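Below is one structure, written out as C-alpha cells; the observations come after it.
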Amino acid sequence: MIGLSLFDEPLWRFLVAALLHTLWQGALISLLLAFVLRKLPAGRHETRYLLTLAAQFSVLLAGLTTWGWLERPEAAVPVSPVRREAAIEKATPEIVTEPMAKPVQPASIIVESTWVPVLAIGWLAGVGLMLLRSAGSVLSAHRLARGSRVTEPSIVSLLDRLRGELRIRRPIRVVACETIAGPAVLGMIRPTLILPIALMTGLPPDAVRAILAHELAHIRRHDYAVNLLQMLIESLLYFNPTVWWLGRQVRIEREACCDALAVRLLGNPLAYSHALAEWAGMMSVPLGVAAWSGDGRPSTLLERIRRVLRPGERFGPQRISLASLFVLLAIGPILLALLWKGTQAAVVLAVQALTPAQRVEKIEQAQAIYGVGSGGKAVLKGTIRTSDGKALASGGTLFLLTSNGNSSSQGTAGDFRDTFSIESGTGSAWILADADDYAPRLVGPFKAEAGKTIEDIAIVLDPGFPYRVRVIDDRGKPIAGALVKGNLLSRGSWSSSRPGWTTDANGVATIAHAAARTYGFSISAHGFQIPDTNFRATPEPGGTASFSLQHAQETRGVVVDRDGRPVADATIRIMAEHQPDRGGRDNGTNGPIVGKTDAEGRFRIDTLSDGARYLLLVESKTKDSGFIPNVQPGQNDLRATVVPCPTLEGRVVGDLKALEHHHGVPILWSTQDVPTGFVAKGASGPETTRSNGRVAVDPSGGFKLENLVPGAMSIRSGNRVWKYTIPATTAPLIVDLNQALKGPADRRVALHVVSADGAVRSPGLIRIFYKNGDVDLDRKVELRDGRAGFDAPVGSQVSYELEALAGYWFASGNLTVKPGDDDQTVEIKAIPAGAIVGRVLNVDGAAIVENVSLNCKCVKPPAGLADQYLHVNNVSVDAGGRFFISPLPLGGTYVAVASRGHAPQAGDSILLDEVEPTKEVEIRLPRTTVATGRVLGPDGRPLRDAPVSLVLEDPLVGTSWGSPVLTDHDGRFRFDDLAADRNGYAAKLNFRKDFQPTKASLHPGGGPTEIQVERGRRLEGRVVEASTGRPIPGVEMYAMTRDPGIPGSYRRFDPESVTDDDGRFRFSNLPEQTVELNDGSGLDWKSPTSREAHPDQSPPIVIRAALPSWSQLKPSPPKE
C-alpha cells in the first residue's frame, strides 16, 4: 500500500490525465494530416514527409503541454501600489516578490484517484517493455554490422561514385551479410551499409546501382537518427493507435523521398521501377531499427512504383489496420518526467510572466522599502552632550559620511558645541563627533532622503579610556618621536582634525581618550620608511598595540633658482609615487611633506620606501616651484630648479547660484597639466595633472589662484571649462557664466535607450565620462522616457554607463562626437532587469550595518551576456541592515556576498526571471575567530617584519586583503575577524628581497601556523635600448616558474625594484630552478632570443629591447 500511495501524488494524476488526452489529440492530428495528404500530389515528397513527421512529434508535444498546463501554479495576483512613506515605516519589511501558488485542478482534467496508481504502474511497465524491445532491435542490428567488409572492386567503385554525386563526406563502412535479404543502413556519425550477398551476386548492375543510390539517400538525409526518435515516441505512447499509424505513414513518405532522390540521380524512372520489382522478389522482413527500404508488402511496393512513374497523382494515407485499434492501454517510464520539466517551465512562464509595467512597478516598490534613493539633499539635526554632564570647553568637529549605491563621500561637516544642523547627500549617513577630552563618537546610519529633515539625533560623548601605541624598529628597538595619527574606521577611513600623538623615549604614544572601535593608524618617523598601508587595531581598556617600521635609506639633493642660487626653506612633497606591489598613486599638490632645504639649499629625505619611485614637488617660501622625477631611495645627487609661480585674480560674471557650492560657498575647480618627466607605470605620465583644487568665490564674484606654474590651465564649473595659458595671462581672469552652454565646438548628443518591449519609461541616471580639452569630466545626466542628452566637444571620446534605472539594464559603451549641426543620436539597447533585496544580520539575528561591505556576484550570466561585467560592488546597507541591488539582467543567477572584517558570507543563489524579477535574501554573518602564526627564517630563528597577507581561496567568496601585517620581534602574526567555520584561509608572504615568496594554510580558531621561509637565489641583469645601447630606467621585470602544486599554473616573482637609471635590476627571491624572464612594460625583446635564465648565473643578463610607441619610458640620456 505504501508503494501504491506514491502514485497518488498530484504529479501522477496530472500525468495520467495528460496521457489520456493524447488519445483524442492524436486522433484530431491524424484526421487533419489525412485531409492534407489527399490534397498534396505525390511529387511533393519532402513536404508530405515533413508534415507526417511533424504530426507524430506533435502528439508527444501536445501531451507534454497538457501536463505542464495541468501542473501550472495559479496566476500571480497583482500587488497594489505601496506608498513609499508607509513602506519605510515598516519595522519588518515584507518580501516584495510574489509567493508561488499551490497547483490547481481544473474540472476538465479530473482523474479518479483510485485508478491513478493502476494506470500509472501499467504505463510504466509497458514503456519499460517497449524500450527493452527497441534496445534489442538496435543491438541485433549492430551485431549484423560486424560482418566482413565488402572489398569487391565493382561495388566499392560504384559506391564511391554515388557518394561523390550525393555529396556525402562521411566515410561509409560496407559489410556483407548472409542472414538478411534486403540492404540496411545503421549508425549516424560513421554509418554502416549492410548488403545481402545475394544482392551483390543475383542482380544486374543497373539494379544494384539503383538500390545503392536509394540506401545512400537514407544516409544523406540522416534517416537513421530520425527513426530512433520515432521509436522513442512509439515506446512512450505505445498505447495510442494513432501514434503507430503516424509512424507507419512517416516511413512510407520517407521511402518516397529516397526513391525520388535516387531517380534524380539515375535519371530513368522506368529503370528504377524495374529495379524495385526485381528487388521485391528477393526481400524478407527488414530490420526494425534500420532505415529500411520498405515494409515488404505488395501494396506498399506498388504504391512506390506508382509514385515514381506518376509523380503528379494524389495519394491518400494508408489505412489504419484493425490490429492497431486494439493495442492495450498500459503505462510508461519516468523518462517523460524529464521532458516535462522544460514544458512546465515554459507554460508557467507564459502564465505568470509580468508585463514590463508590472515588473518596473514591483522594482520601484522594492526600492521604496529597501533602497536609499538618489539626488537632492537632506538635513540632519540634533544635540551633543557629555555623559558626565560637563560643558564642552572648546566644542568639537563633526565629520559626515554618506553612502549611496556604489558611491560614497566623507569630509568635515563643521564645528559644534551643543547643537548641530548638517546638510547631507541622500543615502545612508553617519556622523562622527570629535572633541578634546572625550572619545570620538560615531552614530548612524540614518536614512537621508531628499527634501527631508531627520531631527532629534542625540550624540553622547564619554571620556573613553587610555590606550597605548608602541612603535618599534625592525630590530625590536623603540622609536622615539614617531608621529601616530589614528582615525575611526567605518566603511572607510575618517578624516580627523587631531594633530596626532608622539611616541616617548620608550616608543609609546598614549591616546588618552580612545573608543572601543576599530582605528586605522598612520605612523611616520624620521629614518624609517612610510608604510604602504595603515595599521589597524581595536583598542581595549589598558591595552597596547605594537607596530614596526623599517629603516629607510637616505636620499639627498639640492634646490636652486633659475640663476643657480640655493633656495633655503623650500618644502619637498611627494606629488606622485609608484609602489611595486600596488601601482601608481597621485597625491597632487597636497602630498605629504618629506623634507626641507637648509640655508645652502640642501635637503635630506629619510622616509622613502625601498623599491618605489617618486615624483617630488619642490615649493619655496615665495611660492616658486619645481619637480624632481623618478626618485629612488638612496640617491644623493638630486637637483631641482624652482621657477616663479604667479598669483592671479579673477572674477565670475553671472548668477553665482549656477556654480557648484561647498558648505554654502560658491566654488570653481582649477587644474594644470605640467610636464614632469615622471614615467613610472600606473602613475602620472610625462604630462602630470596638477590640481589646484577648489577655489572659493566671494559674494562679489572675485576669486584668487595661487601657486600657479607656467603652462596650460583650466577652470571648471560643472561641464563648462574655461582655458588659459600661464604666464601669458596677466590680466584678471574672467569666468563668464552668461556664455552659451553649448560652445562653438560642441555638439548635442542625444542618448535613446530602447528595449524589445518598447517600455523604457521610468526615470533614471546615466553617468558620462569625457575629456574637454585637458580636463576630464564626470557627470550624471537624467534619463526620462528613455531619452537623455548632453553637450560634448566634437571629436571627444565619450564613455557612458548606467547609474540607475528601474527594470532595465544596458552595457557600458563608448562613442565619438562627430561634427554636425543637429543632435547626434545614439541608440542604446536595454534588456529587462530585476533586483535583489534583503537584510544583513549579525550572528544573533540583529541587523548590522557598520563596517559591512556588500557585493553582488553574477555566477551564471544570462544568454548572450557572458562577456559583460555583471558584478555590483560597494552596495549600500541602510539603517535597518537593508540593501537593494539593481539593475540585474533577467536570466542570470546572482549571489549577494556580505563581509565584515575578514569574514565573508554568501546568500542563496538567486535566478531572476520574468516571473520573479525581484527576490529577497537574508544574509546572516558568521561567528568570527582569530588565526595566528609564526614566521621562521631559514636558520629556524624568528623572522621580524615579514609582510604577511591574508587570502581566502574559495570559488564564490574568495578574496585577498591588501594590507599586510608585519611579524613582531618573535616572528608572530595574527589576523582577527575570520569566519569560524570556513576553510580556505591562507597566509601569503610575498617577499621581494632575500627570501622566496610562500604561502601556508591557516587554522581559524585552532593552533598557530608555523611557516619557515627559504633563502632566495639571486639573478641580476640590465635593460638597454637595442638601437642605442642606452639604459632604460623604470622597467618592471618579473620572473615566472611553473607551480608544481597546481598543474598548468605559474608562480610570479618580482624584483627588488624597477630598473634604475643604469637599467639594472636584481632578483634575490628566486627558487633554485630555471625561470622565465618577462617585463610588464611592453618591451620588444631583440636579445637574448631565449628568456630562460638560471639563478646565480654570471655574468649578468643584458636585455636589448625596443620601446613601443605608446610607452612613457625613455632611455637615460648619454653621460657627458
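The values are calculated or read from the model by the stated rules, or taken from the named source; none is laboratory data. Just so we're clear, the structure is a prediction, and the values are computed from it rather than from any experiment. No Cβ is skipped: glycine too gets one built from the backbone with ideal geometry, and neighbour counts run over all protein chains shown.
Quick look at the values:
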| read-out | value |
| --- | --- |
| Yes/no for Pro763 being at pLDDT 85 or above and touching an Asp or Glu at 6+ places or on another chain (Cβ under 9 Å) | yes |
| Any hit, segment 608-618, residues being of a type in the set (Phe, Trp, Tyr) and either under 26 Å from Val567 (Cβ atoms) or without any contact (Cβ under 8 Å) to a residue 24 or more places away in the chain (or both) | yes |
| Val951 assigned to a strand (DSSP E or B) and either surrounded by 15 or more Cβ atoms within 10 Å (Cβ to Cβ) or charged (D, E, K, R) (or both) | yes |
| Residue in segment 821-830 that is of a type in the set (Ser, Thr, Tyr), over 18 Å from Arg720 (Cα atoms) and surrounded by fewer than 17 Cβ atoms within 10 Å (Cβ to Cβ) present | yes |
| Residue check, Thr538 surrounded by fewer than 18 Cβ atoms within 10 Å (Cβ to Cβ), touching a Ser or Thr at 6+ places or on another chain (Cβ under 6 Å), over 21 Å from Pro1033 (Cβ atoms) and not aliphatic (A, V, I, L, M) | yes |
| Count - residues of segment 989-1022 that are assigned to a loop (DSSP other than H, G, I, E, B) and of a type outside the set (A, V, I, L, M) | 15 |
| Ser424 being within 17 Å of Gly382 (Cβ to Cβ), at pLDDT below 85 and touching a strand residue (DSSP E or B) at 6+ places or on another chain (Cβ under 9 Å) | yes |
| Complete set of residues in segment 967-988 that are in a strand (DSSP E or B) and either closer than 14 Å to Val930 by Cβ or free of Cβ contacts under 8 Å to residues at least 12 places away in the same chain (or both) | Arg972, Phe973, Arg974, Phe975, Asp976, Asp977, Leu978, Ala979, Tyr985, Ala987 |
| Scope segment 713-739; condition at pLDDT below 75, in a strand (DSSP E or B) and within 43 Å of the chain's Cα centre (by Cα); matching residues | Arg720 |
| Every residue from segment 139-163 that is free of Cβ contacts under 8 Å to residues at least 40 places away in the same chain and under 20 Å from Ile189 (Cβ atoms) | Leu139, Arg143, Arg146, Arg149, Asp160 |
| Among residues of segment 474-488, those that are in contact (Cβ under 8 Å) with a residue 60 or more places away in the chain, farther than 14 Å from Thr510 by Cβ and buried (at least 20 other Cβ atoms within 10 Å of the Cβ), counted | 1 |
| Qualifying positions in segment 41-66 - among the aromatic types (Phe, Trp, Tyr) and closer than 22 Å to Val16 by Cβ | Phe57 |
| Looking only at segment 1023-1070, and only at residues there that are assigned to a loop (DSSP other than H, G, I, E, B) and among the aliphatic types (A, V, I, L, M), the one that is surrounded by the fewest Cβ atoms within 10 Å (Cβ to Cβ) | Ile1046 |
| Test for Asp844: is it surrounded by fewer than 19 Cβ atoms within 10 Å (Cβ to Cβ), free of Cβ contacts under 8 Å to residues at least 24 places away in the same chain and not in a strand (DSSP E or B) | yes |
| Neighbours by Cβ (under 7 Å, 6+ apart or cross-chain): first from segment 1044-1057, modelled with pLDDT under 80; second of a type outside the set (Val, Ile, Thr) and surrounded by 10 or more Cβ atoms within 10 Å (Cβ to Cβ) | Ser1049/Asp1043 |
| Flag for Val930 being in a strand (DSSP E or B), among the β-branched types (Val, Ile, Thr) and touching a strand residue (DSSP E or B) at 6+ places or on another chain (Cβ under 9 Å) | yes |
